[in-house]
Amino acid sequence: MTAVIHRIEVVPLTCSIGAEVRGVNLGDASRSPAMMEDLRARLLEHRVLFFRDQDISRAEHVAFARHFGELEDHPVAGSDPDHPGLVRIYKSPDTPNDRYENSWHTDATWREAPPFGCVLRCVECPPVGGDTMWANMVLAYARLPDDVKARIADLRARHSIEATFGAAMPIEKRLALKAQYPDAEHPVVRTHPETGEHVLFVNGFTTHFTNFHTAANVRYGQDFTHAGPQLLQYLQMQAFVPEYQVRWRWSPNSVAMWDNPSTQHYAVMDYPPSHRRMERAGIRGDRPI
């Protein structure tokens with residue numbers, strides 16, 4: 001079903017997540033409060049919005065994203081020097097081992113307050129390949145068996161930048177990164193800050209449960225050392241379900257904006273030795289509850 005708002009055409013791409021928005025320039029949208037309000041509502045509805053043919057400047061990219069909140073830099077991926085918060089994700093044949101993206105994840109859950117959302121623009125992409133996929137983690141939670149929902153209702157888990165971005169660093173640099181960003185602890189089932197929906201909130205940054213070792217879960221040590229990791233792996237694999245996903249094929253000047261609390265995404269690393277250059281504005285969020 002297609003909806004039209006102020007001449008903007010919104011076309012859902014799957015039954016569960018994602019819609020392409022047509023007839024809008026994001027530079028112009030950033031100067032229209034009414035249009036920004038419409039786009040925010042559609043973002044909450046579809047979780048990921050896609051736009052093509054967005055020949056906008058970096059300043060317009062940043063201005064659009066800032067309507068949703070303050071921007072933040074990334075401690076590992078560098079930002080554009082003239083536009084703080086506009087992170088450059090540049091991949092080339094010279095960096096074949098730079099593979100941190102191709103894992104299902106919610107951005108920066110290693111932060112105490114992970115991002116509200118992100119606006120990602122394609123600067124240069126391979127002639128084929130380099131797609132990105134997103135998964136609806138509200139739906140992933142809703143379709144869990146009732147006994148699993150009961151088991152995870154009060155669980156909490158650690159999320160680590162040290163064990164992910166820091167893993168390939170020299171030990172001194174890795175430990176310094178952890179000192180700057182200690183592992184964050186979040187609920188396994190979070191509440192979306194705007195919609196109130198329940199979200200399955202474990203991903204590729206999640207290392208372990210922090211309160212699994214209770215009498216209800218653990219009879220013997222084997223229960224702790226095996227049952228907890230197995231349950232975490234089962235939950236992380238919910239993002240793999242195709243019925244929860246949308247896949248986007250990039251072209252230069254195409255843009256994706258996603259609701260970070262309710263989604264995970266996966267950048268498909270199938271394009272070496274081609275170049276892939278993306279620029280992302282990450283929008284500050286709140287502490288999950």
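Quick look at the values:
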item	result
For residue 37: the one exception among (1) out of contact with any helix residue (DSSP H, G or I) (no Cβ under 8 Å at 6 or more places or on another chain); (2) in contact (Cβ under 8 Å) with a residue 12 or more places away in the chain; (3) charged (D, E, K, R)	(2)
Flag for residue 265 being surrounded by fewer than 18 Cβ atoms within 10 Å (Cβ to Cβ), part of a strand (DSSP E or B) and at pLDDT 95 or above	no
Failed item, numbered, when residue 157 is tested on (1) at pLDDT below 95; (2) part of a strand (DSSP E or B)	(1)
Every residue from segment 13-39 that is part of a helix (DSSP H, G or I), within 15 Å of residue 255 (Cβ to Cβ) and either modelled with pLDDT of 95 or more or not small (Gly, Ala, Ser) (or both)	26, 28, 35, 36, 39
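Quick grid of which residues meet (1) under 26 Å from residue 246 (Cβ atoms); (2) among the aliphatic types (A, V, I, L, M):
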{"site": "62", "(1), (2)": "yes, yes"}
{"site": "65", "(1), (2)": "yes, yes"}
{"site": "70", "(1), (2)": "no, no"}
{"site": "77", "(1), (2)": "yes, yes"}
{"site": "83", "(1), (2)": "no, no"}
{"site": "111", "(1), (2)": "yes, no"}
{"site": "118", "(1), (2)": "yes, no"}
{"site": "126", "(1), (2)": "yes, no"}
{"site": "135", "(1), (2)": "yes, yes"}
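The values are calculated or read from the model by the stated rules, or taken from the named source; none is laboratory data. Predicted model only: the values in this text are computed from it and were never measured. Note that we place each Cβ from the backbone using ideal geometry, even for glycine, and neighbour counts take in every protein chain shown.
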